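Read the structure below first, then the notes.
The values are calculated or read from the model by the stated rules, or taken from the named source; none is laboratory data. Everything quoted here is computed from the prediction, not taken from an experiment. A quick note on method: Cβ atoms are made from the backbone with ideal geometry, for glycine too, and the neighbour counts reach across all protein chains shown.
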Amino acid sequence: MRRALVAVLVVLAAAGCGRPAPIVDYGPSPAPSSSPPVSGSDPVDVYAAAISRYLTGSENSFSGTTFPVVFVLDRLDPAAASPQAANEATTPLSAEQQQRIATRVGGDVRFVSSLDAATTPGEDSCKVVRENGVFIALGPAKATGADTGSDTAEVAVHGFVACLGATWFTYVLRRDPAGWTVTGTTGPMAIS
């Protein structure tokens, strides 16, 4: 009996490993308010640097790919680096912040209220980002280091192209005279 129970548990655990990552529905966007600032800095610069790095870095599952359109969640989600646990309140980006981020990133950047607004149904019930694009959700910028007014910050990132083309992690950024630059990642990283 014990062997049969162990065998069943092993089969169930293995079956769960082959499934695509769960899709997070961020739901409708609440009314705009200001985003949490990084002390002594414009958080728009931090978010633009994180998006720009994601689009050019190897962290997006499609290194070397230029996405013709970038869909960005219109609010900051504290669970962006762990979307399976998405249950915290989000903070909307104002229209002015969205415009400034889009200008700094360049290209076709569109802000959307949910992952569903950026995707279409694909094969096997797997969503695919429209127009060969990418969806990005960001977490609030958090000052790090011993001094909360330091020139370092962390931003959670969730990138999604399709079920087997999604990433979750947290960028570490440093501010220097030229602006904010991603210097690496911290904490858990997931790639599907």
**Asked** Scanning the stretch 125-134 for residues that are touching a residue at least 12 places away in the same chain (Cβ under 8 Å) and more than 22 Å from S52 (Cβ to Cβ), which turns out surrounded by the fewest Cβ atoms within 10 Å (Cβ to Cβ)?
**Response** C126
**Message:** Of everything in the stretch 22-43, what is assigned to a loop (DSSP other than H, G, I, E, B) and either modelled with pLDDT of 80 or more or acidic (D, E) (or both)? Give them in sequence order.
**Reply:** D25, D42
**Request:** For the stretch 49-80, enumerate the residues that are in contact with a strand residue (DSSP E or B) (Cβ under 8 Å, 6 or more places away or on another chain) and part of a loop (DSSP other than H, G, I, E, B).
**Result:** G57, S61, F62, F67, V69, D77, P78, A79, A80
**Message:** Conditions first: (1) closer than 22 Å to T152 by Cβ; (2) at pLDDT below 95. A86 passes all but one, so which condition is the exception?
**Reply:** (1)
**Message:** Test of understanding: among V11, V46, which residue is at pLDDT 50 or above and either within 26 Å of V128 (Cβ to Cβ) or part of a helix (DSSP H, G or I) (or both)?
**Reply:** V46
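Here's the yes/no breakdown for (1) more than 21 Å from R75 (Cα to Cα); (2) crowded, with 21+ Cβ neighbours inside 10 Å:
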| position | (1), (2) |
| --- | --- |
| R104 | no, no |
| E123 | yes, no |
| I136 | no, yes |
| V157 | no, yes |
| Y171 | no, yes |
| P188 | yes, no |
